[in-house]
Amino acid sequence: MRIIVWGINYAPEPTGIAPFNAGLAEWFAARGHEVEMVTTFPYYPEWRKRPGDRGRLYRTERHAGVTVRRCWHFVPARATALRRILHEASFLATSLLRVLALRRADVVVVVSPPLPLAVPAWVVSILWRRPYVFHVQDLQPDAAVGLGMLRPGRFTRLLYALERFAYGRAAFVSGISDGMLAAFRAKGVGDARRVFFPNWVADTLPGAAPAAERAAARAAFAARHGLAPGSFLLVYSGNVGMKQGLGVLLEAARRPAGAGPERAWVIAGDGAGRDELVRRAAETGAAGVRFLPLQPDAAFTEMTIAADVCVITQQKGTGQFFFPSKLLTALGRAKPVLAVADAGSELARAVEEGGFGLVAPPDDPDAVARAAGQLAEAGEARRAEWGRNGLAWVERFRRSAVLGEFEERLHGLAARRATGT
């Protein structure tokens, strides 16, 4: 097949949707398909282009068998609602022109957000007489309302109308969690067009590090970052933005630690909300929180091995709209999880179903502090049990199974188009 993957994020961006877009495109290429990726110049999570990319309209690259077509787009220094609209609209315009200059594909895979990317995808599908698949990583209008970025009104109704348009004209609509598929059903997408396409982990999972390796990683990490030897490490790693709701960790860190070892909270990442979070930490005296930049691969591996607990947070009221892919990475390392999330969220249900950690509500720093204390006082054997449970739960998301099934669906779609059925 000839496949075009069309999305705003791609490697070398290290977090969020980009690694999965890259993994998808490279999987297809390795399987012998002709793959082109239409995307932007890297900007995420810093919300800043690299100096050499500024002012470039288009560029073509070749990576891991994939032809990457990069397109100019506007990247605001501060991502307000209006500037996000301009940010996405600029990519829609430049990428549509770029796609129309390419040879037609058998199928186009569109990755949302951005939701409005469905409009140029529909235009291309009409002109080329080829289907497009709409793959949803975030339920964008619901999330924006849940985060308070948008209020119900005329513009919000327009976004929901655009969502109906996107879903209604796609050959099928895929989502990364069961909750998303339920949302698609409620939004009128029939069973035949709803596809479960989760994010994935490697076929070979690293699992729990040997005791000696973990001890060495803990000692090196503590020494490098000025932490007390033997500190209980609670580590968040990833994007630092509004939807993560990381402010509750600052408040939890200020609560008395109680029994057990001294606790060290680590927030490693970058994003639009980082400067404000650092400022709040300084103002509130959350001295127990260490802020680190997004870690390169080797340092990230050391930090994850050193961690006693991986922390995953979501803003109150948004848990049904997101499913954090960082959970899969933590479980692949057999780490217990502290999930700060709504009780009915996909994340909370996963933790409870898999039995690999504890859940605390996102608007209750006392509950978060208590859960951290329970994890610290549970002991090494209990935390190892949680880690084993997580490793068993995440087996279902192995790369070859997830991507192989999606590839089969695209094969079927292309075959139906070729035969007119």
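The values are calculated or read from the model by the stated rules, or taken from the named source; none is laboratory data. In this text, all values refer to a predicted model and were calculated from it rather than measured experimentally. Neighbour counts run over all protein chains shown; Cβ positions are idealised from the backbone, glycine included.
Based on what the data block shows, is Val248 touching a helix residue (DSSP H, G or I) at 6+ places or on another chain (Cβ under 8 Å), assigned by TED's automatic domain parsing to the domain that holds Thr313 and of a type outside the set (Ser, Thr, Tyr)?
Values: touching a helix residue (DSSP H, G or I) at 6+ places or on another chain (Cβ under 8 Å): yes; assigned by TED's automatic domain parsing to the domain that holds Thr313: yes; of a type outside the set (Ser, Thr, Tyr): yes.
When the stated conditions are applied, Val248 passes them.
Residue-level check: of (1) free of Cβ contacts under 8 Å to residues at least 12 places away in the same chain; (2) under 30 Å from Ala186 (Cα atoms), Glu353 misses just (1). From the list Leu127, Leu117, Leu159, Leu139, the lone residue that is under 25 Å from Ala18 (Cβ atoms), over 21 Å from the mean Cα position of the chain (by Cα) and not β-branched (Val, Ile, Thr) is Leu159. Number of residues in region 48-73 that are closer than 18 Å to Ala89 by Cα, surrounded by fewer than 16 Cβ atoms within 10 Å (Cβ to Cβ) and modelled with pLDDT of 95 or more: the value is 2. On inspection, Thr313 qualifies as closer than 27 Å to Glu262 by Cβ and assigned by TED's automatic domain parsing to the domain that holds Gly241.
From Leu403, Leu338, Leu358, Leu391, which residue is assigned by TED's automatic domain parsing to the domain that holds Ala30, at pLDDT 95 or above and touching a Leu at 6+ places or on another chain (Cβ under 8 Å)?
Working: Leu338 fails: assigned by TED's automatic domain parsing to the domain that holds Ala30; Leu358 fails: assigned by TED's automatic domain parsing to the domain that holds Ala30; Leu391 fails: assigned by TED's automatic domain parsing to the domain that holds Ala30.
Step by step, each of Leu403, Leu338, Leu358, Leu391 is checked, and only Leu403 is assigned by TED's automatic domain parsing to the domain that holds Ala30, at pLDDT 95 or above and touching a Leu at 6+ places or on another chain (Cβ under 8 Å).
Restricting Ala30, Ala22 to those that are surrounded by fewer than 19 Cβ atoms within 10 Å (Cβ to Cβ) and either out of contact with any Leu (no Cβ under 8 Å at 6 or more places or on another chain) or not hydroxyl-bearing (Ser, Thr, Tyr) (or both) reduces the list to Ala30.
Given the structure, is Gly16 modelled with pLDDT of 95 or more and in a loop (DSSP other than H, G, I, E, B)? Considered against the rule, which asks whether it is modelled with pLDDT of 95 or more and in a loop (DSSP other than H, G, I, E, B), Gly16 comes out as no.
Is it the case that some residue within region 358-369 is over 17 Å from Gly241 (Cα atoms) and crowded, with 24+ Cβ neighbours inside 10 Å? Can you show your working first?
First, the residues of region 358-369 that are over 17 Å from Gly241 (Cα atoms): 358-361, 364-369.
With crowded, with 24+ Cβ neighbours inside 10 Å added as a condition, the list becomes 360, 368.
The answer is yes, given that some residue of region 358-369 is over 17 Å from Gly241 (Cα atoms) and crowded, with 24+ Cβ neighbours inside 10 Å.
Go through region 1-12 and report how many residues are in a loop (DSSP other than H, G, I, E, B) and either crowded, with 22+ Cβ neighbours inside 10 Å or at pLDDT 95 or above (or both). Of the residues in region 1-12, 6 are in a loop (DSSP other than H, G, I, E, B) and either crowded, with 22+ Cβ neighbours inside 10 Å or at pLDDT 95 or above (or both). Among the conditions (1) part of a helix (DSSP H, G or I); (2) within 22 Å of Ile17 (Cβ to Cβ); (3) touching a residue at least 40 places away in the same chain (Cβ under 8 Å), Glu251 misses just one, which is (2).
Output yes when any residue across region 182-194 is of a type in the set (Asp, Glu), within 22 Å of Leu413 (Cα to Cα) and not in a loop (DSSP other than H, G, I, E, B), and no when none is. Give the derivation first.
Narrowing region 182-194 to residues of a type in the set (Asp, Glu): 191.
So of that shortlist, the ones also within 22 Å of Leu413 (Cα to Cα) come out as 191.
Then drop every residue that is not not in a loop (DSSP other than H, G, I, E, B), which leaves 191.
Looking through region 182-194, at least one residue is of a type in the set (Asp, Glu), within 22 Å of Leu413 (Cα to Cα) and not in a loop (DSSP other than H, G, I, E, B).
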